[in-house]
């Protein structure tokens with residue numbers, strides 16, 4: 001479950017901490033019925049900002065990191081107090097993108113979370129904003145929650161927000177906007193529906209980030225729900241489809257290693273391909289050969305993860321068999337010419353199809 005800053009601080013309405021207390025009650029009931037729960041909880045910067053007397057979320061990085069350091073203590077205390085009355089212990093887990101980019105750390109994080117769950121402890125995850133920089137942060141906990149859900153093979157991801165779900169218009173402006181109750185594929189039309197919601201000035205993210213989270217979760221066969229936390233907080237009802245919300249139904253599965261390539265690993269550069277290569281990769285799940293490469297951006301080494309670009313859009317990610325310098329030499333040439341151009345031939349492909357993940 002991912003819970004946003006507005007519900008943590010009570011700033012999104014006048015209910016104070018009553019709604020969060022109700023959510024904690026439902027979490028405890030679901031957990032004590034033998035189910036397993038991981039929380040991804042925003043709120044550290046928001047709580048820290050309130051304690052510092054700030055009316056808005058800090059803008060500069062040092063102030064945000066200071067607010068996070070102050071607020072994280074209050075955030076954990078709040079969850080600890082709410083769940084302790086049910087004899088449930090919580091564990092603080094602070095993560096950054098770099099914890100997922102390294103394969104060994106990625107697996108270690110997974111094992112730690114699963115061990116905590118087996119001990120009857122509820123992990124409370126937040127981005128480590130105190131040390132995170134723009135290069136290594138997720139930017140929002142929607143994405144973080146979906147990556148975590150993917151990593152632990154969760155059955156469901158519940159994103160709690162202050163709207164009923166995804167609408168075909170902006171419900172804040174259009175009273176006739178209709179709720180979309182089920183999404184089986186995130187198309188460009190669906191993406192266009194995602195407009196920023198007017199929310200708490202101490203929170204970040206919007207429907208766009210929630211759609212991205214759903215996309216990542218769906219690729220890992222994790223059913224995703226976007227629900228209104230002011231109305232629907234019974235987890236049993238949510239996962240039993242008895243709640244008015246938007247449900248994202250997965251239709252494909254990525255193996256664990258490909259999930260890491262697509263959503264965990266650090267992207268070190270870009271390879272621009274022609275239309276033929278783009279079709280071969282996207283439509284026919286083919287490997288990337290040097291003949292289809294038009295350009296190389298950035299400096300990367302053999303074994304790094306890169307983005308595949310076509311028509312200025314990222315269509316795939318993959319693990320390269322050649323460095324950026326080598327690819328600059330062999331791009332546009334046939335595989336049979338690699339040995340002549342490089343004085344060696346490690347592989348026929350620049351990226352083998354087994355190391356390639358099509359996005360979208």
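Modelled spin labels at residue 284 and residue 25, positioned 7 Å past Cα toward Cβ, are 6.0 nm from each other. The simple Förster model, with R0 at 56 Å and r as the Cβ-Cβ distance, assigns residue 18 and residue 311 a FRET efficiency of 0.65. Counting only DSSP beta bridges with both residues in the chain, tell me the antiparallel percent, nearest 5. So the antiparallel bridges amount to about 45 percent of the total. Of interest is the spacing of the C-alpha centroids, which for the range 326-360 and the range 232-248 amounts to 47 Å.
A straight chain from residue 172 to residue 36 at 0.36 nm per residue would run longer than the Cα-Cα distance by 45.5 nm. The DSSP beta bridges internal to the range 241-360 are antiparallel in roughly 75% of cases.
For the range 2-257, the alpha carbon convex hull comes to 126 Å³ per residue, rounded to a whole number. Does a label point 7 Å from the Cα of residue 181, set along Cα-to-beta-carbon, have any residues of the range 246-268 with amide nitrogen under 13 Å, and which are they? Within reach of a label on residue 181: 246-247. Here residue 352 and residue 119 are evaluated by their C-beta separation; at R0 = 41 Å the FRET efficiency comes out at 0.55.
Considering only alpha-carbon pairs that sit under 8 angstrom and 6 or more positions apart, the relative contact order computed for the range 64-127 is 38 percent. How far is helix 275-284 tilted off the main Cα axis of the chain, in degrees rounded to 10, range 0 to 90? The angle comes out at about 60 degrees. A full extension of the chain between residue 275 and residue 60 corresponds to an added length of 73.2 nm, given 0.36 nm per residue minus the alpha carbon distance. Once the chain from residue 231 to residue 340 is taken as fully extended at 0.36 nm per residue, the excess over their C-alpha distance is 32.6 nm. Computed from Cα atoms, the angle from the helix 61-84 axis to the main principal axis of the chain rounds to 50 degrees.
Relative to the longest principal axis of the Cα atoms of the chain, the long axis of helix 18-32 lies at roughly 70 degrees.
Rg and Dmax over the alpha-carbon atoms of the range 213-360 stand at 19.3, 67 Å.
Working note: 222 nm ellipticity from helices only, DSSP H runs with n ≥ 4, each -39,500 (n - 2.57), summed and divided by the residues of the chain, gives -10500 deg cm²/dmol to the nearest 500.
Evaluate E = 1/(1 + (r/R0)^6) for residue 52 and residue 302, where r is the Cβ-Cβ distance and R0 equals 51 Å; express this FRET efficiency to the nearest 0.05. Result of the calculation: an efficiency of 0.60.
Read-outs: derived from the displayed coordinates by stated rules, not from any lab. Bear in mind that the values here come from a model prediction, so they are computed numbers and not experimental data. Cβ atoms come from the backbone with ideal geometry, glycine included; neighbour counts cover every protein chain shown.
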